[in-house]
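K.L.:
So that we are looking at the same thing, I have put the structure below in structure tokens.
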Amino acid sequence: MEQPNPKPTRRWVRILIEVFLLAGAVALGLALRICVFEPAFVGSESMSPTLQVGDRVLVNKACYRDQPPARQEVVVFNPPEESHQALVKRVIGLPGDVVQHWKNDVFVNGQKLEEPYVHGHAPSYTSPKRIPEGEFYVLGDNRDHSEDSRDWGSIPIERLRGKALLVYYPLGRISRIR
């Protein structure tokens, strides 16, 4: 009497294990995408030279669950007007701060803000403005080519998607965002 060949059974077990591993990897990737990280596209020159048009950045979505953004962090947020593309800007004013533009400088709570990352200095003059609780004042690094809180005011924390961590594409520009 012939013995049945056990090899087909082992083959099906191996296929099932591979399918479960693949499904697990996809599920883990989706969970990370939904809860922790997301990609963002830089669509304008408003953050130049820190970020260039076409850069793709990795955004940490979980970092602001326990603490608010810090001054001078680069954040990704939903724009004030309805749009599908997120914006990338730098946090300048925190809730309760008083922000004022005078010539080429920004003053926060009466102190000139040191901004070594700024490119372009469109002179502007504004009266002091207190940032409401739960809102943030954001500016682009390329002030000559940035639509930001100078144009549409501070942004509510609910619009924040997260902190921009690093440029991951193009490959020649891979770097941490400062």
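A short reminder: the numbers here are calculations on the coordinates, not readings from a lab. Bear in mind that the values here come from a model prediction, so they are computed numbers and not experimental data. All Cβ positions, even for glycine, are placed from backbone atoms using ideal geometry, and neighbour counts span all protein chains on display.
K.L.:
Considering only region 131-148, how many residues are touching a residue at least 60 places away in the same chain (Cβ under 8 Å), within 14 Å of residue 78 (Cα to Cα) and out of contact with any Leu (no Cβ under 7 Å at 6 or more places or on another chain)?
P.N.:
2
K.L.:
Please tell me if residue 54 is touching a residue at least 24 places away in the same chain (Cβ under 8 Å), at positive phi and surrounded by 11 or more Cβ atoms within 10 Å (Cβ to Cβ).
P.N.:
yes
K.L.:
So, one more: Suppose we filter 52, 67 for residues that are part of a loop (DSSP other than H, G, I, E, B) and over 30 Å from residue 170 (Cα atoms); which single one remains?
P.N.:
Of 52, 67, the one residue that is part of a loop (DSSP other than H, G, I, E, B) and over 30 Å from residue 170 (Cα atoms) is 67.
K.L.:
Please verify whether residue 99 is surrounded by 13 or more Cβ atoms within 10 Å (Cβ to Cβ), in contact with a helix residue (DSSP H, G or I) (Cβ under 9 Å, 6 or more places away or on another chain) and more than 30 Å from residue 170 (Cα to Cα), treating the condition exactly as stated.
P.N.:
yes
K.L.:
Looking only at region 57-65, decide whether some residue is surrounded by 20 or more Cβ atoms within 10 Å (Cβ to Cβ) and closer than 27 Å to residue 110 by Cβ.
P.N.:
no
K.L.:
Considering only region 104-159, how many residues are of a type in the set (Phe, Trp, Tyr) and either crowded, with 17+ Cβ neighbours inside 10 Å or more than 15 Å from residue 93 (Cβ to Cβ) (or both)?
P.N.:
Adding up the residues that qualify gives 4.
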